[in-house]
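Working notes, structure below.
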Amino acid sequence: MDTGLSVTWIVSGITLGFTAGLIPGPMHAVILTQSLRHGWREGVLAAIAPLVTDPPVILLAVLLLQRVTGFDSVMGVISLAGAVFLTRLGIAGIRTGSEKLDTLSGSAHSLRKGILVNILNPNPYLFWMLVGAPIIVRAGAAHPVNAAGFLLCFYICMESTHMAIAVLAHKARAWFSGNTHTWVMRALGIVLLVFAALFLRDGLRHLHLI
C-alpha cells in the first residue's frame, strides 16, 4: 500500500477537472447567460452550483461502488460503461465546430439557476457513477489522501475554468465562437478518448478477457 499522495491521482484530477470545466453543457449555457446579462459575478455564482449538488451524488456513488468492489464482473461492467460514456463525450468534443454558443433568457438568482440545471442534468450522475467513483475507490484503496487529492484537484480545476469562462464571457464573448475554443475542445476530446481506452482496458481485465 502507498503511504502518501500519488502524482497519478493528481494528474487525473487536474485533467478531468479541466475537461469537465470546458466540455460544453447546460451549465455553460447558464454561466454564459448570467455573465452576459448580469455581469461576471453572477456567472461565478452559477459556476459554483456543482459544489452544492455534487457531494450527495459522489457519496452515494462511492458507497454503492464499495459494496461491489469485490466482484470483478461488476467492476468490469462498470468500467466498460465508463469507457462508453467517456467515448461519447470525447467524440462530441472532437466534433466541436466554431458555431457561437447560444444563450438563454433569464434574470438573476444565478446560484439557484445553476443548482436547478445541475440537478436536472444527467451527466453529473453518469460521470460520478461511471468514472469519478471508480477513480475515488481505486485511489482511496492505495491511501485515503489520494482520493482527497483527486477530488481537490478536480474541483479546483473545474471551478477555476468555469469562473474563467464567466469572466471571459463578460469581457470577450467572441472568444467562445473562435478557432481557439474549437481546437481546445477537440484536444480535450482526444484526452477523453485516452481515458476511455484506459477504462476499456480495466474493464477487460476485470472480466478476465485480457
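Compute, for the chain, the length of the dipole vector about the Cα centre, with Cβ point charges of +1 (Lys, Arg) and -1 (Asp, Glu) only. Units Debye, rounded to 20.
400
What's the percent breakdown of Cα-Cα distances in the chain across 5 Å bins, shortest bin first?
1, 8, 14, 18, 20, 16, 11, 7, 4, 2, 0
In percent, what relative contact order does region 7-206 have, based on Cα pairs under 8 Å that are 6 or more apart in sequence?
45
For the Cα atoms of the chain, what angle does the longest principal axis make with the long axis of helix 110-120, in degrees from 0 to 90, nearest 10?
Roughly 40 degrees, rounded to the nearest 10.
Can you compute the modelled spin-label distance between A141 and I94, with each label point 7 Å from Cα toward Cβ, in nm?
If labels sit at A141 and I94, their model points lie 3.0 nm apart.
Hey, what angle do you get for helix 133-142 against the long axis of the chain, alpha-carbon based, 0 to 90 degrees rounded to 10?
50
If you line up the long axis of helix 26-38 against the longest principal axis of the chain, both from Cα atoms, how many degrees apart are they, to the nearest 10?
Tilt of helix 26-38: around 30 degrees.
Tell me, what is the FRET efficiency for N123 and R201 to the nearest 0.05, using R0 = 22 angstrom and their Cβ-Cβ distance as r?
For N123 and R201, the calculated efficiency is 0.40.
We did not get these values from a lab; they are worked out from the coordinates using the rules stated. Just so it is clear, the model here is predicted, and its values are computed rather than measured. Because the Cβ atoms are built from the backbone with ideal geometry, glycine has one as well, and the counts that use them run over all protein chains shown.
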